[in-house]
Structure formats: structure tokens, C-alpha cells
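Below is one structure, written out as C-alpha cells, with a few remarks after it.
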Amino acid sequence: GGHLVTINDATEQEWIYKQFADSKRIWIGLTDVGQEGHWDWLTNDGGIWDATAMSGTSFTNWGVGEPNNNGDEDYALMVWPDWNGVIGGWTDGKDSVGNRSYGLIEATQPTPWYNEYDFTSKGVVAYWPLDGTAEDVTGNGNDGILVGATPTNGMFGGSYHFDGTSYIDLNENYSGLNEITYSLWFKADVLSAYPEPEGHHGRVPFRHRGDFADHNPSVWSNRMSVSIHDLDGNPYADTTLPISTQAWHHLAYGYGDGILFAYLDGEKVIDEPRTGSIDWSNYMWTRIGYHSSNYEFLNWIGEVDEVVVFNRVISPYEARLLASDANDNDIADFWEDPAGSGWIENPTTNHYYRLTTPMNWLQAKETAENWGGYLVTINDAEEETWLDATFNNAEARRAADMWIGFNDIEVEGEWEWLNGESVLYTNWYSGEPNDGGDPESSEDAAVMNYLRECGGGWNDAPVENIYPAIVERDDASSVTPTPTPT
């Protein structure tokens, strides 16, 4: 469990401000609800402790004139970029329906996310987080045995370091798949330039070993190859590109639909036709960090983290998402929002939709365009009801407000859809749009589900505000739909 964040000193305040405060307003754990004027920090069991007695410090960062208890304001917020002249200044606020802000949670040991997910429906047949053990957390029995590998800090949580002789021996039981994708993070201490040390073999962070049925990448400083042999005898494919040592890279590679493919850091670098089905014959072993005892100069020296095996071909978007380190989670981000790893089809409109992470409206517009779509256009109440049911539920764990494509940026007061469609339907909340009730204000973009607790509707908001956004695509080209979660 956790609690709203406790801020002990200026260093912690500065770090939190830089990491999270572009969310504009963040609830922190300081409150005087127990005794007016006596501000205490919340504990993780819902109680309070005295701020002045905690670790011998009484650090605060109130804006000038705060807290002022302007109408029973019992809870503290950090405000970006400043409040009353103080950078990241704190103010007291009310616990009321209309006073919604992000909350920052602090926990000493996060609960592993993976127990919450149904791996079967996601196509994950093996997953080794490598956070201090070699356990396959899918429950499919692909657990590993550590042979000299040493635990260390990884890309996400822990990882293992390999010294050229150490490895993890895996109890692999997914052989026989017709399609497969391997995903892993690697960081090399040592890499040679192609063609050294031996032809088409570079150092190997992961290897499924068979007799002419290998599945593995080979990595040089200036080249990478992937090998998934097929029954027609087709071997590896390779590409020329720079790979840095002492830096994390993400690799996803696999075989399916007659294509041997690989993505490096989210970008497709190998895409070669193949004629035969995957060769699983004469299986010997599967190991992380190891090529063979006869060719120790090909064994991995460096780290490996987050090894995942899918029983399907992942989409280009999934490859980019797996390679993203913009968020603070590992492949939990893959399924964090109800759009899952791809897009959801609305059976009525036959369009595809997904949710972004929180961002401002202009960033959301750019993200939608990069995904080949646009911020959602809502043509009737039925479509809005479907969007609300799909993207604003308990699983989503999102703020209610979500950006849509409605805006009056071009001409004040003339609201239009980004994709140019005619305005057939609106659902403004009572009194909206109102430009914030200030003639000098500029609220030029719309969110849906404003004050959802009171019935909801649309609201005009400054484009700088931070909300998730709904992206829409007209067709299924380059879209891999994900079944709607149940």
C-alpha cells in the first residue's frame, strides 16, 4: 500500500516538481483535517503523523499568504509553475466535487502489477521480469535457474548482469508456436565491430538453442542479426546500424505471416520474407546471456532485463510502446489503459479508438497525427456513451476529463472539429463554454466528462491543461485491434 506523498526537504520537493508538476496541480499528503491550523502528513494506514515530528524536519513550501483557509480548505496541493511567487508553491484546497486534481502516491515497495493481468488474453506465454529471481510470472512454468548471473539495477526495477560465463537456464515449454515475438532490454559492456569475432555471430543476450533451429539475436557495435530458422532452411537476417555500449536498448524480434522481423528501440530494422514454418526441431536449451561453451567470446557481457515471449506477432505500435521509457512502469504500460496494447473498434461507427497518457491538447493533437488519426469527433449521444463506457471506467484509473477534437482556436466562439466534419451534436455542461468566466481567459479546446459525478458534459479548457485524450482512426490500416476488456 501507499499514501499521498510526504515531502521531507527541499531536495525532494525539487525532484517531485521536476518529475510530476507539469500536471499543474497535485494533491500531496499534508492536511489539517484533524485539527484546524495544525498541518500533518498522512500515513499509509489512513492516519496522520505530526509534520513537525517527522524525521526531525518541518519542511514546507507554502506560497506567499498560504495556507489561508479560504472556506474550509483542509488539504494541500503543489502548484506548477508557481503559487503566489513560490516555485512549486503549496496552497490549501477544498475536498469538493469541483476541485479535482492529480494525486501523487508514494510507496516504499510497489505491489507487482503483473498479478492483476490475464496473460493468456494478451498472448504472453513467458515473462521474466528478472527482478531478483528468474521466475516466469505468467505461471506457465518457464522458470529459470541462475548460473552465476548477478542481480543489479535494471531498466525497470532489477535486472541481471552476465560476465561472459554466467547465464540463466530457462525451463522453456512454449516450443511449437506458429508465430512468436521475443522482447527484451539489453545493455552491453563489450561489443566487437562486424565481422569480428566470427562471421555472422555477435554477442548473444538470449538464445533458444536447437540443431539448426536457433532463435537468437547477435549484436555487434555496428550491426545486428536475428535468427529464427524455418523448415525451408532460411537462416538469419541482419542490418547495419550503430549500437551503443553502456546504454539500454530494446529489441523485439520474431516470425509470423511469412516474415522474419526485428525492432530496435521501437523502429523496424529487419523485415524479410520467409517461406517455411518455424523450425523447433532438436531442441537443446534456452538461456539468457549465453551462446555456448565452445564460443565463450559470443556470450553476453552486460545486462538483460524484461524478457517476454508472445505467441503472436506484435504490431508496430506495440513495439514502440514496449521500447518506451517515457513512463515509470515496465510492460504494465502495455495494458494500463482500457485500450490495451492497440485500438478498440466501435461496432457502430466501425472506427478505431485508443487513449493517450495525460498531456496538453496540442501534444495530444500531434500524438493523434503520429498515430495516423485525429482527436475524436463525436457525432451523437450513442457514440459518446460508448466512449465513456470504454475509456472512463475503474480499470482506466484516469481523471474523468478527456480531450476531444472540438475547438475554437481559429475563430473565438466558432467551435469546429479537427477533422473538418460538420457539427452534428454537442453536449456542453450547463453554462459551458464560458472561457472560464473571464473575458481575458482563453479556453479553446473541449474535454468530455467534465464534472462526471454530476452528470457530465463538455467543458472548454486552456490547451495547456493536462488530460488524457481519445484518438480516432477511420480505418484499420496499420491498426491491430485489441478486444474490448471484459
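The values are calculated or read from the model by the stated rules, or taken from the named source; none is laboratory data. Small disclaimer: the values here were computed from a predicted structure and weren't measured. Note: ideal-geometry Cβ built from the backbone for every residue, glycine included; neighbour counts use all protein chains shown.
Worth a mention:
- Scanning segment 232-244 for residues that are assigned to a strand (DSSP E or B) and of a type outside the set (S, T, Y) yields A237, D238.
- Flag for P151 being in a loop (DSSP other than H, G, I, E, B) and more than 22 Å from the chain's Cα centre (by Cα): no
- Subset of segment 448-460 [at pLDDT below 90, outside any helix (DSSP H, G or I) and within 27 Å of the chain's Cα centre (by Cα)]: N449, Y450, L451
- Residues in segment 223-244 that are of a type outside the set (A, V, I, L, M), surrounded by 14 or more Cβ atoms within 10 Å (Cβ to Cβ) and farther than 25 Å from E172 by Cβ: R223, T239.
- Only one entry in G164, G176 is touching a residue at least 12 places away in the same chain (Cβ under 8 Å), surrounded by fewer than 14 Cβ atoms within 10 Å (Cβ to Cβ) and assigned by TED's automatic domain parsing to the domain that holds R274, namely G176.
- Once segment 71-96 is narrowed to residues that are part of a strand (DSSP E or B) and of a type in the set (F, W, Y), the residue that is surrounded by the most Cβ atoms within 10 Å (Cβ to Cβ) is W90.
- Selection count where residues are over 29 Å from V307 (Cα atoms) and either modelled with pLDDT under 75 or in contact with a strand residue (DSSP E or B) (Cβ under 7 Å, 6 or more places away or on another chain) (or both), scope segment 318-352: 4
- Meets criteria (part of a strand (DSSP E or B) and either touching a residue at least 60 places away in the same chain (Cβ under 8 Å) or not assigned by TED's automatic domain parsing to the domain that holds Y255 (or both)) for L146: no
- Members of segment 383-393 that are assigned to a helix (DSSP H, G or I) and surrounded by 13 or more Cβ atoms within 10 Å (Cβ to Cβ): E383, E384, W386, L387, D388, T390, F391
- Count of residues meeting criterion [in a strand (DSSP E or B) and touching a helix residue (DSSP H, G or I) at 6+ places or on another chain (Cβ under 6 Å)] in segment 345-362: 1
- Any hit, segment 370-380, residues being at pLDDT 85 or above and surrounded by fewer than 17 Cβ atoms within 10 Å (Cβ to Cβ): yes
- Some residue of segment 217-231 being touching a Phe, Trp or Tyr at 6+ places or on another chain (Cβ under 8 Å), in a strand (DSSP E or B), in contact (Cβ under 8 Å) with a residue 60 or more places away in the chain and closer than 25 Å to G276 by Cα: yes
- Identity of the residue in segment 1-29, part of a loop (DSSP other than H, G, I, E, B) and at pLDDT 85 or above, that ends up surrounded by the most Cβ atoms within 10 Å (Cβ to Cβ): I7
- Of the listed requirements (1) assigned to a loop (DSSP other than H, G, I, E, B); (2) among the hydroxyl-bearing types (S, T, Y); (3) modelled with pLDDT of 95 or more, S175 misses just one: (3).
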